[in-house]
1. Count charges around residue A:78 for me, please; just the other residues with Cβ under 9 Å from its Cβ, Lys/Arg as +1, Asp/Glu as -1.
2. Of A:161/B:389; A:441/B:68; A:52/A:323, which sit over 30 Å apart, Cα to Cα?
3. Using Cβ counts within 10 Å as a stand-in for footprinting exposure, how do A:444, B:472, B:145 rank, fewest first?
4. Size of chain A along its principal axes in angstrom, Cα-based, largest extent first?
5. Return the FRET efficiency for the residue pair residue A:261, residue B:120: r is the Cβ-Cβ distance, R0 is 60 Å, and the value is rounded to the nearest 0.05.
6. For the range B:183-294, what does the relative contact order come out to in percent, with C-alpha contacts under 8 Å and a separation of six or more?
7. Partner chain Cβ atoms within 10 Å, averaged over the residues of B:133-146 - can you pull that number for me?
8. Taking 8 Å as the Cα distance limit and 6 or more residues as the minimum spacing, I'd like the relative contact order of the range B:325-472 as a percentage.
Amino acid sequence: MRKESRRGARSWALALGLCLAGPLALLAAPPEAPPPKGPAPITVRIHGETLKLPNGMTFVLVQRPGAPTFAGYIGFRVGGVDTVPGDTGLAHMFEHMAFKGTQHIGTTDWAKEKPLYEALEKAGDELTLMRAEGKGTPEQRAALAEKVKELSREEHRYIKKDEFDYWYTLAGERAENASTSEDLTQYYVMLPSNALELWMLMESQRIREPVLREFYSERSVIEQERLMRTDNDPMGKLYEQFEATAFMAHPYRLPTIGWASDVRALTMAKAQAFFHEYYSPSNAVGVLVGNFDVAQAKRWIAEFFGTIPRRGDPPPIVTKEPKQEEERRIQVAFDAHPQMLMGWHKPTWPSPGDTRMDIISNLLTDGVTSRLYRRLVEEDHLVLEVQSWNDDPGARYDNLFVIQASPNEGVPYEKVEKAITEEIDRLKTEPVSAAELEKAKTRILASYLRRLDSTLSTAQLVGATQLITGDWHNIEIYLQQVQAVTPQEIQKTAAAYLTTGNRTVATLVKPPQAGKEAQR
Amino acid sequence: MKRLTCALALLTAAGLAISARQGPLPVRPEQLPKAAPLAFTPPSLLRESLPNGMRLILLPDHSLPLVKLYAIVKAGSIYDPAGKTGLAELTGAALKAGGTVKYPAGAMEQTLESIAAELSTSIGEEYGEVRLNLLSRDLGTALPIFAGVLMEPAFAQDKLEIEKSQMEEEIRRQNEDPWEVSFREMKKALYGDDSPWARTPTLKSVDGLTREECEAFHRRYFHPNDTILAVAGDFDPKAMTGELQRLFGGWRPEKVEYPPVAPAPERPTPGLILMDQPHLTQATVLAGELTGRRGRGARFNGDIYALDVMNFILGGGGFTSTLTREIRSSRGLAYTAGSMVSFGTDRGDFVAYCQTGLPTTAEVCGLIRRAVAEATAAPPSAEELETAKSSLLNKFVFNYQNSGQIVHQAALQEFFGYPEDYMATYSQRIQAVTAQDCLAVARKYLHPGDFTYFVLGPAKELAPSLRPFGAITVQPLPEP
C-alpha cells in the first residue's frame, strides 16, 4: 500500500490518455452538418457537478447508476516537486503520516497522549538532527535514543493502531490507498454507498487535524520502501539518476521518495510545518464517483469539509529549467540486464506541443503496429520492449517526453539508439498518413472511454485534471485538441523538441565487480 | 461571475444542512448512525449453450459503448510434456501474434489497432484465455477475428519466432525482481522443481519448441465443448447469441484426452532455502506450506470460508491483520508484509511474505512463525472475527461493480466447478463462520513447526541468524 508512482502521476494528460468520452462527438460532427459516413463517433463525457466551498476547496460529484458503491478521492496540489534538498521525501512521508489518525481517531485518550506525543517529538527530532549533523557524543545519542524508545513505549499505551484502516476495512473498502507523485498527493478508496458519511468524517478529519503519531517507526518503513523501489531495483535506480541529470535547476530533479540521507533526517517539526503550508482546503480537490445520493452528499460535504478553516496558499515554484543546449549522457551501475531511457524537454499543457507529443508517443509505441515496436521488436530484433510516455515526471511544469527500451542480449545501446533516432527523424521529415494519425486519435479517445469503466479511475482522472489544470472540464478540451492535430503539426513539434541537444540518455551498465564475480 | 453564484448557492445549502443536523458534528465513526443495509439486486446473467457445447454467459450493460469478451478454454501449462515447459505459454502468446487462417497477422493487427480494439491471448496453468475489449460500433469487424483466433490460429512462423525470442529474453531477465524470483522459487520448494504446478520454462526448453508443437497443442485442447464464452457490455443479447452461433456454429466438438498430471507431494520438505544474491541490501522472506484441494460441485471444499476469515485476520486483511501490524506498523521492519492462502485443483498453498532489511531478517522470520503459531493455538478474539467478517461481507458488493468483471468471474467459477449457488450463499456462509471454525482450519492446514522458508539475499551475511528456522540449504540463483 501507499504506492509512490515511479513515473509520477503519469501527468494528467497521459492519465487522461486513458479515459475520455465526451463532446468530441460534437466536434467531429457538428449538429448542422450532415451525418458523416463511417462509424459512429466516440464520445467521452463525464457528467459531473462542481462545488466550490467558501474555504476554497473544490468538489466534483459524478453520479452514475450501477452497484451501490462509490469511489472517494481527495487530492492535494503538493508533491515531490514542492520539497527542497534536505527535505526531499517530505511530501511522501506526510502521505504515510496522514494514515496515523487525528485527535479523535487512533487514540484512546488524546488528553493523556498529548504530553507524551509532544515530549517524543522534542526528543526524537533532537536525536534525528544530532545524527544528521554528526553532533553529540555517542553517549549523548544513546541516552537520547533510550529516551525516545521509552516515550514511544509510553505513548503506545494510548494509541489505537491503524484505526483509519480499521474503519474502512470494516466498511468493506476496496483499493484503499494513497500515492505521492512529483505533482500531487492523492488519497482514494472505494466503499459501499452506505459508508459515504464515514468517508466524509474520516477524510475531513485527515485534513482538519492530523496527528503525526508513530513518526519515527514510519520513517523506517519508508527507508525500507526506498530500498525496495530504488536501491534494489535496476529501473528504479536508473530512473532516479536520469531525472537528476535531465533537470539541473527545476525541482523535478529531486526524487519524490527522497534521497536516503534526507529521509533519515526528516523531523516531525518539518512535517507539521509542511502540513500547514500545503494542506489547506484551498489546495485540495475532492471527487465522488458512483451510485450515491447527490443531495445528501452535498449536505455532508458542507458540514464536514466546509467547516475546515482555510489556510494560506502554498508558495509558488519560480525556478525554470534553463534551456538544454547540449546532449547529456549518464551510465548507471547495476548488475542487471540492459535498460535505457531517453528524454527530451518540452512544455506542459496547455501548450499545443504537449497534446501533439501525446500523439507522437502513441505513434511511436502504442500497440504492435506502432512505429518503434514494428522497427525495434519485430523487424530488427533489437529490444525486448519499448515504451514511451509524455509529461515526465509531472505535468504541473514543463517536463520531458521519454522513451524507454530494453535491448536484447548482445545488442549494443548504440544500435538501439540509432534506430530510435532514425524513427524520430522520420517524424520530422515525412508527414504522418491520414490513416495512421486517425488510428492514434481513435486509440487515445478509446483509452479515455475505457477509463470511465471504473469509478476509481474516473475519480482519479477528474481529480488530477482539476488539480493540475484548474478545471476538470479541460479533459474535454484536451480531447478536442487531440482531434484537431494535423500531420504538419506533428512534424513541427518533432522538429522543435526531439533534437540531439535537447536530449538526455541514461543507460544501465554492469558494475566492474559484477563482471569479476561472474568470472570467478 | 458564474463561479460566485455557485459559491453562494452552496453557502445557502451549507447553512440549511448544518441546521438540519441535531447536535455537534460527529468526530468518531461510532457517533454516526448505523449504516443502512445496502439495497441491491445483483444483475442476472443469461446462460446458454450453443449446439456444439460452447457455454455462453451474457450480461448486457449499456452504460458505455464498449463490449468485453472472455473465452476460457481448458488448456494449460500443467499439460506441457516433460522437457517442453513453455509450450502452453508460447502457444498462448502466438494465438494472437500469429494471425488466423483468414486474417494474416499483419492485417489483423492493423485492423484491430486502427479501431482501438484490444485483443489479448494467454495460456496459464490450467486454462487459456482469449480476451477482446472493443467499441460496440466495431462488433462486426472484430468479432470474426476473435472467433478466428480461437478456432483457426495460423501460428505464422516469423511471428512465432518473435514471441519465442521475447520469451527467451524474459527468461534471461527472470532473476531481477526479488518478489518474482522469490514466489517462483518458493513454489518449486513447496511442490518440487519438476512439478507441473511449479516448473518454469528455461532457455533450453523454449529453444526446442516448434510451430508444429504449438499447432498440435491448440488442436488437442481448443474445442467448443471445453470453452466458456463470457460477454458483457453494449449489445442486444438475442442478436449476440445469433451472431455467436453464426461464427462458432461450424466449430466441431471433440472429446479431449487430458494427460495425467503428476500429483503434488503430500508434504513439502521443511527447512530453509537461502538463495544467494550478494548485492541485495534487502531480504525477501517467504514462509509456508501446501493446503488442500478445492473440490468441484457437491464436493466443493467448504473450509474455504473459514480459511478466508482466518487468513484475513492473520495476514490477508492489510493493516488490520496480525502480520502487517506486528511487522510493519509496530516495528517498522517492512513496507510490505502479509499472507495469502488458497485451495487448488490438486493442492493449494499458504504463503506469508515480507521484505525487510538484512539485520532484521531473522526477526521477521520469527514474527511470522509466532503469528501463525498463535493462529493455531487459540481462536481469534470476537473483535478480530467481527472485523474480518464485516469487511468480507461489506466488500462483497464489489464483485458486481463492472459488467466485464461480473461475467469473467462467473466464467472462472464455472470453469473451476464452484457450486452454482456460490455467489448467492457466500454472505450467509461467511456470516456463519465462528472463532472456533477459524482455529479448526488453522490447525488443519497450518503447521508452522514444519514450514518451508525461502529467503532471498546475501547468504553469507544472512545465514548465521537464520539457523533457528530449520536446516539451511544455500542455493545460487537458478540459471536461466
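Values in this text are rule-based calculations from the coordinates and carry no lab data. In this text the structure is predicted, and so the values were computed from the model without any measurement. No Cβ is skipped: glycine too gets one built from the backbone with ideal geometry, and neighbour counts run over all protein chains shown.
1. Working: positive: A:77; negative: A:82, A:183, A:277.
With Lys, Arg at +1 and Asp, Glu at -1, the net is -2.
2. Working: A:161/B:389 19 Å; A:441/B:68 21 Å; A:52/A:323 38 Å.
Those over the limit are A:52/A:323.
3. On the way: A:444 30, B:472 18, B:145 22.
Fewest-to-most Cβ neighbours within 10 Å comes out as B:472, B:145, A:444.
4. The Cα atoms of chain A stretch 72, 69, 40 Å along their principal axes.
5. Working: r = 44 Å, r/R0 = 0.73.
That gives a FRET efficiency of 0.85.
6. Values: 49 pairs, mean separation 46.7, N = 112.
That works out to 42 percent.
7. On the way: counts 3, 1, 8, 1, 5, 4, 0, 1, 1, 0, 0, 0, 0, 0.
Going residue by residue through B:133-146 and averaging, the value is 2.
8. Values: 101 pairs, mean separation 39.1, N = 148.
It rounds to 26 percent for the range B:325-472.
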